[in-house]
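As C-alpha coordinates, the structure follows; a few thoughts come after it.
The values are calculated or read from the model by the stated rules, or taken from the named source; none is laboratory data. Not measured: the values here are computed from a predicted model. Cβ placement follows ideal geometry from the backbone for every residue including glycine, while neighbour counts extend to all protein chains displayed.
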Amino acid sequence: MSDKKNVEHNHDEHHHHHDHSLLPEEPELRVKAIETLLLNKGIINSDTVNELIDTYEKKIGPRNGAKVVAKAWVDPEYKKRLLENATKAIEELSYTGRQGEHMVVVENTPVVHNVVVCTLCSCYPWPVLGIPPTWYKSDEYRSRTVREPRKVLQEFGLELDFNTQIKVWDSTSEMRYLVLPMRPVGTEHLSENELESLVTRNSMIGTGLPELPK
Amino acid sequence: MTRIHDMGGRFGDGPIPLKKIDGKVVDDEPVFKTDWHAKAFAITVASASVGKWSIDKSRFFRESLPPKDYAKFDYYEKWSSALINLLVERGLINQNDLIEIKKKAMEDNLEVSQVTDEHQDVLKAKDVAITLGRGGPSAREVLHSPKFKVGQEVRTINYSPNKNIIGGHTRLPIYARGKKGKVILHHKGHVLPDASAHDLGDSPEHLYTVEFLSTELWGDKDGNQKDSICIDLWESYLI
(Lines give C-alpha, C1' and ligand atoms only; values in the text may rest on other atoms or scores of the structure.)
Protein backbone atom coordinates (compact mmCIF):
# COMPACT_ATOMS: atom_id res chain seq x y z
CA MET A 1 0.00 0.00 0.00
CA SER A 2 1.36 3.43 -0.93
CA ASP A 3 1.88 6.12 1.69
CA LYS A 4 -0.61 8.37 -0.06
CA LYS A 5 -3.31 5.73 0.14
CA ASN A 6 -2.51 5.19 3.81
CA VAL A 7 -3.05 8.83 4.55
CA GLU A 8 -6.37 8.87 2.69
CA HIS A 9 -7.49 5.71 4.42
CA ASN A 10 -6.65 7.13 7.83
CA HIS A 11 -8.41 10.37 7.09
CA ASP A 12 -11.50 8.48 6.02
CA GLU A 13 -11.57 6.34 9.13
CA HIS A 14 -10.95 9.30 11.40
CA HIS A 15 -13.99 10.91 9.84
CA HIS A 16 -16.30 7.92 10.41
CA HIS A 17 -15.31 7.37 14.02
CA HIS A 18 -17.38 10.43 14.94
CA ASP A 19 -20.62 9.80 13.02
CA HIS A 20 -22.28 8.40 16.15
CA SER A 21 -22.41 11.93 17.56
CA LEU A 22 -25.09 12.77 14.97
CA LEU A 23 -27.60 10.66 16.93
CA PRO A 24 -29.15 11.58 20.30
CA GLU A 25 -26.69 11.36 23.18
CA GLU A 26 -29.06 9.61 25.55
CA PRO A 27 -28.16 5.92 25.02
CA GLU A 28 -31.64 4.46 25.12
CA LEU A 29 -32.89 6.93 22.52
CA ARG A 30 -29.73 6.48 20.45
CA VAL A 31 -30.29 2.71 20.29
CA LYS A 32 -34.00 3.17 19.53
CA ALA A 33 -33.13 5.58 16.69
CA ILE A 34 -30.57 3.28 15.08
CA GLU A 35 -32.85 0.26 15.51
CA THR A 36 -35.70 2.10 13.78
CA LEU A 37 -33.43 3.24 10.97
CA LEU A 38 -32.10 -0.30 10.40
CA LEU A 39 -35.57 -1.87 10.48
CA ASN A 40 -36.87 0.67 7.98
CA LYS A 41 -33.92 0.09 5.67
CA GLY A 42 -34.40 -3.68 5.80
CA ILE A 43 -30.92 -4.25 7.24
CA ILE A 44 -32.27 -6.00 10.32
CA ASN A 45 -35.50 -7.85 11.02
CA SER A 46 -37.43 -7.48 14.27
CA ASP A 47 -38.13 -11.23 14.67
CA THR A 48 -34.39 -11.82 14.44
CA VAL A 49 -33.66 -9.18 17.07
CA ASN A 50 -36.10 -10.91 19.46
CA GLU A 51 -34.71 -14.35 18.64
CA LEU A 52 -31.12 -13.20 19.37
CA ILE A 53 -32.13 -11.72 22.72
CA ASP A 54 -34.11 -14.83 23.65
CA THR A 55 -31.22 -17.11 22.69
CA TYR A 56 -28.73 -15.43 25.03
CA GLU A 57 -31.26 -14.86 27.81
CA LYS A 58 -32.55 -18.43 27.86
CA LYS A 59 -30.44 -20.90 25.86
CA ILE A 60 -26.77 -19.98 25.91
CA GLY A 61 -25.25 -19.31 29.33
CA PRO A 62 -22.94 -20.55 32.10
CA ARG A 63 -25.02 -23.68 32.77
CA ASN A 64 -23.53 -25.00 29.51
CA GLY A 65 -20.01 -24.59 30.88
CA ALA A 66 -21.06 -26.19 34.17
CA LYS A 67 -22.09 -29.31 32.25
CA VAL A 68 -18.68 -29.46 30.60
CA VAL A 69 -16.90 -29.14 33.96
CA ALA A 70 -19.07 -31.72 35.74
CA LYS A 71 -18.55 -34.20 32.92
CA ALA A 72 -14.78 -33.69 33.13
CA TRP A 73 -14.91 -34.30 36.90
CA VAL A 74 -16.67 -37.67 36.57
CA ASP A 75 -15.24 -38.95 33.30
CA PRO A 76 -11.41 -39.11 33.13
CA GLU A 77 -11.46 -39.97 29.42
CA TYR A 78 -13.60 -36.90 28.70
CA LYS A 79 -11.28 -34.73 30.78
CA LYS A 80 -8.33 -35.99 28.75
CA ARG A 81 -10.07 -35.12 25.48
CA LEU A 82 -11.09 -31.72 26.90
CA LEU A 83 -7.53 -30.79 27.83
CA GLU A 84 -6.14 -32.07 24.52
CA ASN A 85 -8.71 -30.53 22.17
CA ALA A 86 -11.27 -28.45 24.02
CA THR A 87 -13.15 -27.29 20.90
CA LYS A 88 -13.89 -30.89 19.87
CA ALA A 89 -14.66 -32.12 23.38
CA ILE A 90 -17.09 -29.25 24.01
CA GLU A 91 -18.70 -29.91 20.63
CA GLU A 92 -19.59 -33.39 21.96
CA LEU A 93 -22.11 -31.56 24.17
CA SER A 94 -23.27 -29.48 21.14
CA TYR A 95 -21.82 -26.18 22.36
CA THR A 96 -20.24 -24.59 19.29
CA GLY A 97 -19.87 -21.44 17.27
CA ARG A 98 -19.83 -17.73 17.82
CA GLN A 99 -17.14 -16.60 20.28
CA GLY A 100 -16.21 -20.20 21.05
CA GLU A 101 -14.85 -21.31 17.70
CA HIS A 102 -11.44 -22.14 19.17
CA MET A 103 -11.51 -23.29 22.78
CA VAL A 104 -8.72 -23.98 25.27
CA VAL A 105 -9.43 -25.43 28.72
CA VAL A 106 -6.90 -24.63 31.44
CA GLU A 107 -6.88 -26.82 34.54
CA ASN A 108 -6.56 -25.58 38.10
CA THR A 109 -4.35 -27.75 40.32
CA PRO A 110 -3.16 -27.48 43.93
CA VAL A 111 -0.19 -25.43 42.64
CA VAL A 112 -1.62 -23.46 39.69
CA HIS A 113 -4.68 -21.17 39.63
CA ASN A 114 -5.84 -19.85 36.25
CA VAL A 115 -7.79 -16.64 35.69
CA VAL A 116 -9.06 -15.22 32.38
CA VAL A 117 -9.28 -11.58 31.28
CA CYS A 118 -9.41 -9.62 28.04
CA THR A 119 -7.46 -6.39 28.52
CA LEU A 120 -8.10 -5.10 24.98
CA CYS A 121 -11.87 -5.63 24.81
CA SER A 122 -14.08 -8.27 26.42
CA CYS A 123 -13.38 -11.61 24.70
CA TYR A 124 -15.25 -14.38 26.49
CA PRO A 125 -16.37 -17.94 25.56
CA TRP A 126 -20.04 -17.34 24.71
CA PRO A 127 -21.18 -20.91 23.85
CA VAL A 128 -20.20 -22.16 27.32
CA LEU A 129 -20.55 -19.03 29.48
CA GLY A 130 -22.98 -16.79 27.58
CA ILE A 131 -22.69 -13.00 27.60
CA PRO A 132 -20.05 -11.73 30.05
CA PRO A 133 -21.15 -10.02 33.28
CA THR A 134 -20.66 -6.26 33.64
CA TRP A 135 -17.62 -6.56 35.89
CA TYR A 136 -15.77 -8.69 33.29
CA LYS A 137 -16.19 -5.83 30.78
CA SER A 138 -15.24 -3.11 33.27
CA ASP A 139 -12.11 -0.96 33.01
CA GLU A 140 -11.26 -2.01 36.58
CA TYR A 141 -11.10 -5.73 35.79
CA ARG A 142 -9.42 -5.22 32.41
CA SER A 143 -6.69 -2.91 33.68
CA ARG A 144 -5.86 -4.48 37.04
CA THR A 145 -6.02 -8.26 36.54
CA VAL A 146 -2.75 -8.57 34.62
CA ARG A 147 -0.79 -6.42 37.07
CA GLU A 148 -2.25 -7.34 40.45
CA PRO A 149 -4.26 -10.57 40.09
CA ARG A 150 -3.95 -11.41 43.79
CA LYS A 151 -5.56 -8.14 44.85
CA VAL A 152 -8.28 -8.55 42.23
CA LEU A 153 -9.04 -12.12 43.36
CA GLN A 154 -9.18 -10.95 46.98
CA GLU A 155 -12.01 -8.60 46.01
CA PHE A 156 -13.87 -11.67 44.77
CA GLY A 157 -13.27 -13.27 48.16
CA LEU A 158 -10.58 -15.58 46.84
CA GLU A 159 -7.48 -15.75 49.02
CA LEU A 160 -4.88 -17.93 47.36
CA ASP A 161 -1.94 -19.51 49.09
CA PHE A 162 1.28 -17.57 48.58
CA ASN A 163 2.84 -20.64 46.98
CA THR A 164 0.09 -21.07 44.40
CA GLN A 165 1.14 -19.80 40.98
CA ILE A 166 -1.43 -17.53 39.35
CA LYS A 167 -1.58 -17.77 35.58
CA VAL A 168 -3.48 -14.90 33.98
CA TRP A 169 -4.73 -15.58 30.44
CA ASP A 170 -5.16 -12.35 28.44
CA SER A 171 -7.51 -13.31 25.59
CA THR A 172 -5.91 -11.34 22.76
CA SER A 173 -6.82 -13.73 19.91
CA GLU A 174 -9.85 -15.80 18.88
CA MET A 175 -8.76 -18.56 21.27
CA ARG A 176 -11.28 -18.66 24.12
CA TYR A 177 -10.30 -19.87 27.57
CA LEU A 178 -12.39 -21.83 30.05
CA VAL A 179 -11.02 -22.66 33.50
CA LEU A 180 -11.51 -26.22 34.74
CA PRO A 181 -11.78 -25.72 38.51
CA MET A 182 -10.73 -28.40 41.01
CA ARG A 183 -13.51 -30.71 42.12
CA PRO A 184 -14.35 -29.82 45.73
CA VAL A 185 -13.31 -32.36 48.34
CA GLY A 186 -16.08 -34.42 49.88
CA THR A 187 -18.07 -34.72 46.63
CA GLU A 188 -17.21 -38.36 45.81
CA HIS A 189 -20.80 -39.46 46.44
CA LEU A 190 -22.41 -36.82 44.21
CA SER A 191 -23.87 -37.49 40.76
CA GLU A 192 -22.87 -35.58 37.64
CA ASN A 193 -26.06 -33.50 37.89
CA GLU A 194 -25.42 -32.66 41.53
CA LEU A 195 -21.84 -31.71 40.75
CA GLU A 196 -23.01 -29.48 37.93
CA SER A 197 -25.01 -27.39 40.39
CA LEU A 198 -21.82 -26.64 42.34
CA VAL A 199 -20.06 -25.12 39.31
CA THR A 200 -20.35 -21.32 39.43
CA ARG A 201 -19.77 -18.93 36.57
CA ASN A 202 -16.88 -17.29 38.42
CA SER A 203 -15.18 -20.66 38.98
CA MET A 204 -14.97 -21.09 35.19
CA ILE A 205 -13.43 -17.63 34.74
CA GLY A 206 -11.03 -18.18 37.62
CA THR A 207 -12.47 -15.45 39.85
CA GLY A 208 -14.14 -17.95 42.18
CA LEU A 209 -14.25 -21.56 43.30
CA PRO A 210 -17.05 -24.10 42.95
CA GLU A 211 -19.56 -24.17 45.79
CA LEU A 212 -19.17 -26.77 48.52
CA PRO A 213 -21.88 -29.42 48.89
CA LYS A 214 -24.55 -28.45 51.42
CA MET B 1 1.59 4.94 21.25
CA THR B 2 -1.63 3.08 21.34
CA ARG B 3 -5.35 3.67 21.83
CA ILE B 4 -7.54 4.05 24.89
CA HIS B 5 -8.79 0.46 24.94
CA ASP B 6 -5.26 -0.87 25.56
CA MET B 7 -5.52 -0.56 29.36
CA GLY B 8 -3.82 -3.68 30.73
CA GLY B 9 -1.66 -2.71 33.72
CA ARG B 10 -3.01 0.85 33.93
CA PHE B 11 -3.07 2.46 37.37
CA GLY B 12 -5.96 4.41 38.84
CA ASP B 13 -8.99 2.18 38.31
CA GLY B 14 -10.85 1.42 41.50
CA PRO B 15 -12.42 -1.73 42.95
CA ILE B 16 -14.00 -4.26 40.57
CA PRO B 17 -17.71 -3.33 40.33
CA LEU B 18 -19.15 -6.40 42.06
CA LYS B 19 -22.47 -6.90 43.76
CA LYS B 20 -21.79 -7.98 47.34
CA ILE B 21 -24.11 -8.85 50.21
CA ASP B 22 -22.52 -9.10 53.66
CA GLY B 23 -19.12 -8.93 51.98
CA LYS B 24 -19.82 -11.93 49.74
CA VAL B 25 -19.97 -11.71 45.95
CA VAL B 26 -23.47 -12.29 44.60
CA ASP B 27 -23.61 -13.34 40.96
CA ASP B 28 -27.23 -12.75 39.98
CA GLU B 29 -27.01 -10.06 37.33
CA PRO B 30 -29.55 -10.46 34.50
CA VAL B 31 -28.05 -11.25 31.08
CA PHE B 32 -29.14 -7.82 29.85
CA LYS B 33 -29.63 -5.19 32.53
CA THR B 34 -31.97 -3.04 30.43
CA ASP B 35 -34.02 -3.44 27.26
CA TRP B 36 -31.76 -1.08 25.38
CA HIS B 37 -28.69 -3.18 26.31
CA ALA B 38 -30.44 -6.20 24.81
CA LYS B 39 -31.39 -4.22 21.71
CA ALA B 40 -27.90 -2.77 21.25
CA PHE B 41 -26.48 -6.28 21.44
CA ALA B 42 -28.98 -7.84 19.06
CA ILE B 43 -28.96 -5.12 16.38
CA THR B 44 -25.15 -5.26 16.32
CA VAL B 45 -25.08 -9.04 15.86
CA ALA B 46 -27.89 -8.91 13.27
CA SER B 47 -26.35 -6.05 11.25
CA ALA B 48 -23.14 -7.97 10.72
CA SER B 49 -24.95 -10.31 8.29
CA VAL B 50 -25.47 -7.40 5.91
CA GLY B 51 -22.41 -5.33 6.83
CA LYS B 52 -20.05 -8.29 6.46
CA TRP B 53 -17.34 -6.74 8.58
CA SER B 54 -14.82 -8.96 10.31
CA ILE B 55 -14.79 -9.23 14.09
CA ASP B 56 -11.46 -7.40 13.95
CA LYS B 57 -13.02 -4.48 12.09
CA SER B 58 -15.83 -4.21 14.63
CA ARG B 59 -13.27 -4.23 17.46
CA PHE B 60 -11.26 -1.54 15.67
CA PHE B 61 -14.34 0.66 15.38
CA ARG B 62 -15.07 0.32 19.11
CA GLU B 63 -11.51 1.16 20.14
CA SER B 64 -11.42 4.06 17.65
CA LEU B 65 -14.21 5.94 19.38
CA PRO B 66 -12.84 9.27 20.61
CA PRO B 67 -11.05 8.57 23.93
CA LYS B 68 -13.41 10.88 25.83
CA ASP B 69 -16.41 8.93 24.56
CA TYR B 70 -14.76 5.53 25.13
CA ALA B 71 -13.99 6.38 28.75
CA LYS B 72 -17.46 7.73 29.44
CA PHE B 73 -19.59 5.23 27.53
CA ASP B 74 -21.08 2.13 29.07
CA TYR B 75 -20.31 -1.13 27.25
CA TYR B 76 -23.38 -1.14 25.03
CA GLU B 77 -23.03 2.57 24.26
CA LYS B 78 -19.65 1.65 22.79
CA TRP B 79 -21.25 -1.14 20.80
CA SER B 80 -24.12 0.95 19.41
CA SER B 81 -21.95 3.98 18.66
CA ALA B 82 -19.31 1.89 16.89
CA LEU B 83 -22.11 0.16 14.97
CA ILE B 84 -23.36 3.51 13.65
CA ASN B 85 -19.85 4.38 12.48
CA LEU B 86 -19.39 0.98 10.82
CA LEU B 87 -22.72 1.27 8.98
CA VAL B 88 -21.76 4.70 7.60
CA GLU B 89 -18.30 3.49 6.58
CA ARG B 90 -19.91 0.54 4.77
CA GLY B 91 -22.32 2.91 3.00
CA LEU B 92 -25.40 1.14 4.40
CA ILE B 93 -26.58 4.37 6.01
CA ASN B 94 -25.40 7.94 5.53
CA GLN B 95 -25.12 11.11 7.57
CA ASN B 96 -28.41 12.46 6.22
CA ASP B 97 -30.18 9.33 7.47
CA LEU B 98 -28.73 10.00 10.92
CA ILE B 99 -29.75 13.64 10.91
CA GLU B 100 -33.30 12.74 9.83
CA ILE B 101 -33.76 9.95 12.35
CA LYS B 102 -32.41 12.16 15.12
CA LYS B 103 -35.04 14.74 14.26
CA LYS B 104 -37.76 12.10 14.50
CA ALA B 105 -36.30 10.77 17.75
CA MET B 106 -36.31 14.23 19.30
CA GLU B 107 -39.93 14.71 18.22
CA ASP B 108 -40.77 11.36 19.82
CA ASN B 109 -41.82 10.20 16.37
CA LEU B 110 -39.81 7.02 15.75
CA GLU B 111 -42.03 4.78 13.69
CA VAL B 112 -41.24 1.48 12.06
CA SER B 113 -42.68 1.32 8.57
CA GLN B 114 -43.69 -1.78 6.66
CA VAL B 115 -40.58 -2.97 4.85
CA THR B 116 -41.22 -4.67 1.55
CA ASP B 117 -37.66 -4.99 0.29
CA GLU B 118 -35.41 -6.39 2.99
CA HIS B 119 -31.72 -6.55 2.16
CA GLN B 120 -30.91 -9.89 0.48
CA ASP B 121 -28.41 -10.81 3.22
CA VAL B 122 -30.63 -9.88 6.18
CA LEU B 123 -30.38 -12.39 9.05
CA LYS B 124 -33.68 -14.23 9.38
CA ALA B 125 -34.99 -15.42 12.75
CA LYS B 126 -35.08 -19.03 11.55
CA ASP B 127 -31.35 -18.86 10.72
CA VAL B 128 -30.20 -17.46 14.09
CA ALA B 129 -29.40 -20.80 15.76
CA ILE B 130 -27.45 -22.19 12.81
CA THR B 131 -25.58 -18.90 12.22
CA LEU B 132 -24.52 -18.64 15.88
CA GLY B 133 -23.66 -22.35 16.00
CA ARG B 134 -21.41 -22.00 12.98
CA GLY B 135 -19.70 -18.83 14.20
CA GLY B 136 -16.72 -17.47 12.30
CA PRO B 137 -13.65 -19.63 12.80
CA SER B 138 -10.36 -17.75 12.41
CA ALA B 139 -8.15 -20.80 11.77
CA ARG B 140 -6.48 -20.68 8.34
CA GLU B 141 -3.84 -22.76 6.65
CA VAL B 142 -0.36 -21.24 6.67
CA LEU B 143 1.97 -22.84 4.18
CA HIS B 144 5.33 -22.02 5.76
CA SER B 145 6.45 -23.88 8.85
CA PRO B 146 6.27 -22.14 12.24
CA LYS B 147 9.24 -19.94 13.13
CA PHE B 148 9.00 -20.78 16.84
CA LYS B 149 8.59 -23.98 18.83
CA VAL B 150 6.83 -24.67 22.10
CA GLY B 151 9.38 -24.15 24.88
CA GLN B 152 11.35 -21.57 22.91
CA GLU B 153 12.23 -18.19 24.39
CA VAL B 154 10.98 -15.25 22.33
CA ARG B 155 10.80 -11.48 22.61
CA THR B 156 7.95 -9.22 21.48
CA ILE B 157 8.68 -6.28 19.21
CA ASN B 158 8.66 -2.94 21.00
CA TYR B 159 6.48 -0.96 18.58
CA SER B 160 3.01 -1.37 17.08
CA PRO B 161 3.09 -4.38 14.78
CA ASN B 162 0.59 -2.96 12.29
CA LYS B 163 2.68 -2.54 9.15
CA ASN B 164 -0.05 -1.13 6.93
CA ILE B 165 -1.97 1.43 8.92
CA ILE B 166 -0.62 4.07 11.26
CA GLY B 167 -2.72 3.87 14.43
CA GLY B 168 -4.23 0.68 13.02
CA HIS B 169 -5.61 -2.30 14.86
CA THR B 170 -3.29 -4.75 16.58
CA ARG B 171 -3.54 -7.29 19.38
CA LEU B 172 -0.12 -6.87 20.95
CA PRO B 173 -0.95 -5.02 24.19
CA ILE B 174 1.39 -2.16 24.99
CA TYR B 175 2.20 -3.66 28.41
CA ALA B 176 3.76 -6.67 26.68
CA ARG B 177 5.91 -4.85 24.13
CA GLY B 178 9.67 -5.51 24.08
CA LYS B 179 9.28 -8.27 26.67
CA LYS B 180 10.83 -11.72 26.94
CA GLY B 181 8.65 -14.80 27.32
CA LYS B 182 8.34 -18.47 26.48
CA VAL B 183 6.12 -20.11 23.88
CA ILE B 184 3.76 -22.52 25.67
CA LEU B 185 1.15 -23.26 22.98
CA HIS B 186 1.14 -23.23 19.18
CA HIS B 187 -2.33 -22.77 17.64
CA LYS B 188 -1.25 -23.08 13.95
CA GLY B 189 -2.48 -20.48 11.45
CA HIS B 190 -5.04 -17.78 12.27
CA VAL B 191 -6.35 -14.63 10.56
CA LEU B 192 -4.12 -11.65 11.37
CA PRO B 193 -6.30 -8.96 13.04
CA ASP B 194 -3.89 -6.20 11.96
CA ALA B 195 -4.90 -6.89 8.33
CA SER B 196 -8.46 -8.14 8.74
CA ALA B 197 -9.54 -5.05 10.71
CA HIS B 198 -8.75 -2.88 7.69
CA ASP B 199 -10.28 -5.02 4.92
CA LEU B 200 -6.79 -6.11 3.88
CA GLY B 201 -7.57 -9.83 3.75
CA ASP B 202 -6.87 -12.65 6.18
CA SER B 203 -3.04 -12.63 5.93
CA PRO B 204 -2.91 -15.66 8.26
CA GLU B 205 0.08 -16.23 10.50
CA HIS B 206 1.08 -18.81 13.07
CA LEU B 207 -0.42 -17.96 16.45
CA TYR B 208 1.24 -18.80 19.76
CA THR B 209 0.51 -18.41 23.46
CA VAL B 210 3.52 -16.82 25.13
CA GLU B 211 3.97 -16.94 28.91
CA PHE B 212 5.62 -13.93 30.57
CA LEU B 213 6.78 -13.81 34.16
CA SER B 214 4.98 -11.15 36.14
CA THR B 215 8.36 -9.71 37.13
CA GLU B 216 9.39 -9.44 33.43
CA LEU B 217 6.34 -7.27 32.73
CA TRP B 218 6.14 -5.20 35.90
CA GLY B 219 9.61 -5.35 37.44
CA ASP B 220 10.76 -7.01 40.63
CA LYS B 221 9.01 -4.54 42.88
CA ASP B 222 5.57 -4.63 41.28
CA GLY B 223 5.51 -8.15 39.86
CA ASN B 224 5.00 -11.35 41.82
CA GLN B 225 7.72 -13.95 41.39
CA LYS B 226 5.21 -16.79 41.42
CA ASP B 227 2.85 -15.43 38.81
CA SER B 228 2.74 -15.28 35.04
CA ILE B 229 0.67 -13.77 32.25
CA CYS B 230 -0.13 -15.78 29.12
CA ILE B 231 -0.87 -13.83 25.92
CA ASP B 232 -1.86 -15.01 22.42
CA LEU B 233 0.53 -13.48 19.91
CA TRP B 234 0.96 -13.73 16.14
CA GLU B 235 4.30 -14.63 14.60
CA SER B 236 5.03 -11.12 13.30
CA TYR B 237 4.74 -9.74 16.85
CA LEU B 238 7.69 -11.88 17.93
CA ILE B 239 11.44 -11.96 17.39
inquiry  = Yes or no: segment B:134-157 includes at least one residue that is within 11 Å of chain A (Cβ to nearest Cβ) and in contact with a Leu (Cβ under 6 Å, 6 or more places away or on another chain).
reply    = no
Considering residues of segment B:196-215 that are in contact (Cβ under 8 Å) with a residue 24 or more places away in the chain and more than 19 Å from B:ARG177 (Cα to Cα) only, the residue surrounded by the most Cβ atoms within 10 Å (Cβ to Cβ) = B:ALA197
key: Pair list, Cβ < 6 Å and 6+ apart or interchain, from segment A:137-152 residues that are among the small types (Gly, Ala, Ser) to residues that are at pLDDT below 95   = none
ask   = How many residues are of a type in the set (Lys, Arg) and crowded, with 23+ Cβ neighbours inside 10 Å if we restrict to segment B:164-195?
value = 1
ask   = Mind checking which pairs have a first residue in segment B:148-163 that is surrounded by 14 or more Cβ atoms within 10 Å (Cβ to Cβ) and a second that is of a type in the set (Phe, Trp, Tyr) and part of a strand (DSSP E or B), Cβ under 8 Å, 6 or more apart or different chains?
value = B:PHE148/B:TYR208; B:VAL154/B:TYR208; B:PRO161/B:TRP234
note = Scanning segment A:31-44 residue by residue, those buried (at least 22 other Cβ atoms within 10 Å of the Cβ) and closer than 22 Å to B:ASP108 by Cα turn out to be A:VAL31, A:ALA33, A:ILE34, A:GLU35, A:LEU37, A:LEU38, A:ILE44
message = Within segment B:114-126, does at least one residue satisfy the condition of being modelled with pLDDT of 95 or more, at the interface with chain A (Cβ under 9 Å from one of its Cβ atoms) and out of contact with any helix residue (DSSP H, G or I) (no Cβ under 8 Å at 6 or more places or on another chain)?
response = yes
request  = Run B:MET106 past the list (1) over 30 Å from A:GLU140 (Cβ atoms); (2) crowded, with 20+ Cβ neighbours inside 10 Å and report the number of the one that doesn't hold.
outcome  = (2)
inquiry  = Just the residues that are part of a loop (DSSP other than H, G, I, E, B), within 7 Å of chain B (Cβ to nearest Cβ) and of a type outside the set (Val, Ile, Thr), please, taken from segment A:142-158.
reply    = A:ARG147, A:PHE156, A:GLY157
request  = Determine whether segment A:82-96 contains at least one residue that is within 18 Å of the chain's Cα centre (by Cα) and within 7 Å of another protein chain (Cβ to nearest Cβ).
outcome  = yes
request  = May I ask you to say which residue of A:THR187, A:THR207, A:THR200 is surrounded by fewer than 17 Cβ atoms within 10 Å (Cβ to Cβ) and among the β-branched types (Val, Ile, Thr)?
outcome  = A:THR187
query = Say we look at segment A:123-139 and pick out the residues that are part of a helix (DSSP H, G or I) and hydroxyl-bearing (Ser, Thr, Tyr); which of these is nearest to B:GLU77 (Cα to Cα)?
reply = A:THR134
task = Look at segment B:109-146 and say how many of its residues are within 25 Å of the chain's Cα centre (by Cα), surrounded by fewer than 16 Cβ atoms within 10 Å (Cβ to Cβ) and farther than 25 Å from A:THR55 by Cβ.
result = 2
inquiry  = Given the options A:ASP170, A:ASP139, A:ASP161, name the one that is surrounded by 23 or more Cβ atoms within 10 Å (Cβ to Cβ) and either within 16 Å of the chain's Cα centre (by Cα) or more than 7 Å from chain B (Cβ to nearest Cβ) (or both).
reply    = A:ASP170
key: Condition met for B:ILE184 (in contact with a Cys (Cβ under 8 Å, 6 or more places away or on another chain) and at pLDDT 95 or above)   = yes
query = For segment A:45-89, which fully contained helices (runs of 4 or more DSSP H) count at least 3 residues that are surrounded by 22 or more Cβ atoms within 10 Å (Cβ to Cβ)?
reply = A:46-54, A:62-74
ask   = Within segment A:141-160, is there a residue that is acidic (Asp, Glu) and out of contact with any strand residue (DSSP E or B) (no Cβ under 9 Å at 6 or more places or on another chain)?
value = yes
